[in-house]
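The next block holds one structure in the form of structure tokens; read it before the comments.
Each reported figure results from applying straightforward, stated rules to the coordinates on display, with no laboratory input. Source: prediction; values computed, not measured. For neighbour counting, all protein chains shown are included, and Cβ atoms are generated from backbone atoms with ideal geometry for every residue, glycine included.
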Amino acid sequence: MQEEPSLRTAGEGVVFLVDSYFQNSELVERLPVCYSDVLIFVDSSHEPTTDAVDDYLAKALAGTAGQRDSVVGIGGGSTLDTAKAVSNLISNGGKAEDYQGWNLVQKPGVFKLGVPTLSGTGAEASRTCVMMNHAKNLKLGMNSDYTVFDRLILDAELTATVPRDQYFFTGLDTYIHCIESLNGSFRHAVADAYSREALNLCHDVFSAEDMMALDKREMLMVASFLGGSAIGNSFVGVVHPLSAGLSMVLGVHHCEANCLVMNVMDDFYPAEAATFRRMVEKQNISLRTGLCRGLSDDQYEALFNASIIHEKPLENALGPNFRNVLTRERVQELFVRM
Ligand code: NAD
Ligand code: ZN
């Protein structure tokens, strides 16, 4: 009789990158970590930086001859992005910042498996991994076909423990990506279809009595996947550039920052801003206010610069003369109202 082939062959081992929330959890106990593998916990209290990714790469390769067979990422957008970046770096060498941009990754990363535990960013489906580079004042990913997971496990059981506010903010990232994309001028029929269905699911989830019931968590997981699939063929609009400003200058996390910006978007997305506020109210979410009041001129200047640098989405939303609409004064006025 022939022996069953082993699922795991001897090799350079698997790198498990797991959100540190799951340290000491039953989930981690169930992971099939073998002697040649390495289990690394990812600190998601700060969103990924190029330096942090380089550190995780060093940990992933410690004690090896510079190779690993595969990478498994288990967590929210921060952990999934870290896993995608580490996989690419194992094959391509160098540092994370070398690949911030478009199509700079030269060859496929090692096999990567993604297991989202928080729904909304679409990082499980997209072709980028967002990283902040503080030295260059730049928030940019490795945009590449190689930054796509080879396999995913989507299991809505894993999102049961997400705090309600976090669940809302991250879930709203899908809503915001899709409304920005559908209101833009650079369009793609496939992205439009994904976006429309993702929006239907978001409306269902965030108008429900219990947005975190299992069936709603399943819907949001699918919406996130569809939204992430749409991103590759579409562009965001006004919200994401201003949100990036908040993240770069004041350290506000991506998904909360999006919601703070969405709350002042009546001139740009009137119907969607009203829908957004209905969802906030229905789910009894409290948004921070006054974050940008009384900042120094230098800080307002930095907020403006970190926002207006995102030309492509701004052009998508407002046309090539977006600078005439989003003047320094108008942008400051929007930030002050947040
Ligand atoms: P996150 O990964 O930063 O995690 C937020 C918090 O949720 C953390 O404290 C984490 O420990 C906790 N958490 C995660 N899963 C949990 C669970 N099941 N139970 C309890 N707590 C849990 O959050 P996020 O909003 O998913 O990701 C944000 C990041 O995603 C940002 O860095 C952003 O730039 C990036 N992003 C990437 C893409 C992409 O296409 N690659 C798109 C949008 C955003
Ligand atoms: Zn986003």
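Summary of values
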item	result
Potential extension, Asp192-Val325 segment - 0.36 nm per residue separation minus Cα distance	45.3 nm
Listed residues Leu31, Leu287, Leu104, most fluctuating in the chain (Gaussian network, C-alpha, under 10 Å)	Leu31
At R0 = 25 Å, FRET efficiency that the Cβ-Cβ distance of Asp55 and Asp155 yields, to 0.05	0.30
Gain upon complete extension [Cys34, Lys95; 0.36 nm per residue less C-alpha separation]	19.2 nm
Residue-count net charge about Ala257 - beta-carbon cut-off 13 Å; Lys, Arg +1, Asp, Glu -1	-1
Förster-model FRET efficiency, 41 Å R0, His134 and Asp215, C-beta, rounded to 0.05	0.50
Given the chain, longest segment not containing exposed loop chymotrypsin sites (Phe, Trp or Tyr not before Pro) (DSSP; at most 14 other Cβ within 10 Å)	187-338
Selected from Val264, Val33, Val280 as most flexible by GNM, with the chain as the system and alpha-carbon contacts under 10 Å	Val33
Mean residue ellipticity (222 nm) of the chain, computed from DSSP H runs ≥ 4 via -39,500 (n - 2.57), nearest 500	-14500 deg cm²/dmol
Net charge of Cβ neighbours under 13 Å - reference Leu214; Lys, Arg +1; Asp, Glu -1	-3
Selection of GluC sites (Glu not before Pro), the stretch 125-222, meeting DSSP coil and at most 11 other Cβ within 10 Å	Glu209
Cα-Cα pairs of the chain separated by more than 24 Å (percent)	55 percent
Residue order, fewest to most surrounding Cβ atoms within 10 angstrom, among Cys259, Cys178	Cys259, Cys178
Considering only the chain, percent of DSSP beta bridges that pair antiparallel, nearest 5	15 percent
Enclosed volume per residue, in Å³, of the convex hull spanned by Cα atoms of the stretch 14-153	100 Å³
Among Pro241, Pro32, Pro116: highest mean-square fluctuation, GNM of the chain, C-alpha pairs under 10 Å	Pro32
Loop-located trypsin sites (Lys or Arg not before Pro) in the stretch 70-176 whose Cβ has at most 13 other Cβ within 10 Å (DSSP)	Lys95
For the stretch 14-153, share of DSSP beta bridges that run antiparallel, in % to the nearest 5	15 percent
